[in-house]
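Following: one structure in structure tokens, then a few remarks.
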Amino acid sequence: MKLKLIAVASLLLCVVSGYADEGMWLLGRLNKNKQVKQIVKEMGLKTPVKKIYNPGGQSLSNAIVSFGGFCSGVVVSADGLVFTNHHCGFSSIQQHSTVAHDYLKEGFVAQTLSEELPNPELYVRFLVRTEDVTKRVLKGVSPTMKESERRQVIDSIASLIAHEVSVKDSTLVGMVDTYYAGNEYWLSVYRDYTDVRLVFAPPSSVGKFGWDTDNWVWPRHTGDFAVFRIYTGQDGKPAEYSKENIPLKPKHHLPISLDGVSNGAFTMILGYPGSTDRYRSSWGVELAIEESNPTVVSIRDKKLNVMRKYMDASDEVRIQYASKWAGTSNYWKYYIGQTRGLKRLRVVDKKVRPVYFYSVDISEFAVNKLKDRGSLSATAIVTNVQDFIVNVAKGLKIAENKNMSVL
């Protein structure tokens, strides 16, 4: 799953429903691209772009973190408090819960620093800088290469670029990710903190109010938040958990405002989204509607039924499987809703079906031997294979990040 710090702008706070003139930009492009600067200015942005992202200087992006590699968070105090979603902290809350101390059900609050609970599996990641490395990554490839050869060269160069970061500074992590189906490659440099402690979690009756019924639905009335704190070594640098560690003194934090927002106000969100299928072909959308989405829903439905049986019979099992249940049901509901939406909006009919042919290098799959290389049927076959591979890869990455099964 791509986890880049990205700016999303909208003219309405509730972008899910109603009209919204949206945009999503890598911060590196937001800072350098004149066209993007003009767009956000016309949309209502009054803050100088340099105050949003300014490598080496003070900016809003200094307060935004990738939470555990699968969510976003924001530093809200001078002593390292981080706000994130309740569902993002759910697995950590679950790991601290027992039948005697059911923090999932009852909530949790640390009255003092010493009562805050460590989470060995958790980390937060701050973006230091990001830059376009497309030319360097693609320098070693040629049009005559097989896809497998091209992939090997790209992966090798990308790994080298990322490795150079930690060689120069062992406290930093480099990652090279691809965008726009391999047309762009960006290096992002991060600093990770691994001592992250639970400070506050509302009871699930608040944090997951509405449960699966309200999930993915707007409007919602869920108190979907949790509070953690980042700790460092005595020297202020990242360090493994120790009782001697101290709260982080962040470069920048965003204090909480109770003023609210006005209707129609310009809204910009900084965060670490996963990925988008907005550019998927009509064939890929059709495959999702008819094949992949129903398959995922069916399998997850069966898994949920099995888990429900044993979770209902035992509080201990309920707590042990709470996080796995939440993760499974989350995308069970998502794919049900996505399929309904794609059908209702007739997305397949609105997308242009490509008439060109993609050749993919797949062992034991004779794509290159198809005689009718320019036909729509051939295009559909190959595009569906590509979409399948992309979705499997995406599923494996999500499973790796969240320690969960693909389906």
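The values are calculated or read from the model by the stated rules, or taken from the named source; none is laboratory data. Quick caveat, the model's predicted, so the values are computed rather than measured. Here the Cβ positions follow ideal geometry from the backbone for every residue, glycine too, while neighbour counts run over all protein chains shown.
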Please find, among 340, 318, the residue that is under 30 Å from residue 100 (Cα atoms), assigned to a helix (DSSP H, G or I) and at pLDDT 90 or above. 318
For residue 114, only one of the following conditions fails: (1) loosely packed, with under 14 Cβ neighbours inside 10 Å; (2) modelled with pLDDT under 95; (3) not aliphatic (A, V, I, L, M). What is its number? (2)
Looking at 132, 155 in this structure, which one is assigned by TED's automatic domain parsing to the domain that holds residue 181, at negative phi, touching a residue at least 40 places away in the same chain (Cβ under 8 Å) and under 24 Å from the mean Cα position of the chain (by Cα)? 132
Mind checking whether some residue in the range 260-283 is in a helix (DSSP H, G or I) and not aliphatic (A, V, I, L, M)? yes
The correct count of residues that are surrounded by fewer than 18 Cβ atoms within 10 Å (Cβ to Cβ), on the phi < 0 side of the Ramachandran plot and under 20 Å from the mean Cα position of the chain (by Cα) in the range 43-69 is 0
Of the conditions (1) closer than 24 Å to residue 121 by Cβ; (2) in contact with a Phe, Trp or Tyr (Cβ under 9 Å, 6 or more places away or on another chain), residue 236 satisfies every one except a single condition; which number is it? (2)
If you check 305, 293, which single one turns out to be under 22 Å from residue 215 (Cβ atoms), modelled with pLDDT of 55 or more, in contact with a Phe, Trp or Tyr (Cβ under 8 Å, 6 or more places away or on another chain) and not in a loop (DSSP other than H, G, I, E, B)? 293
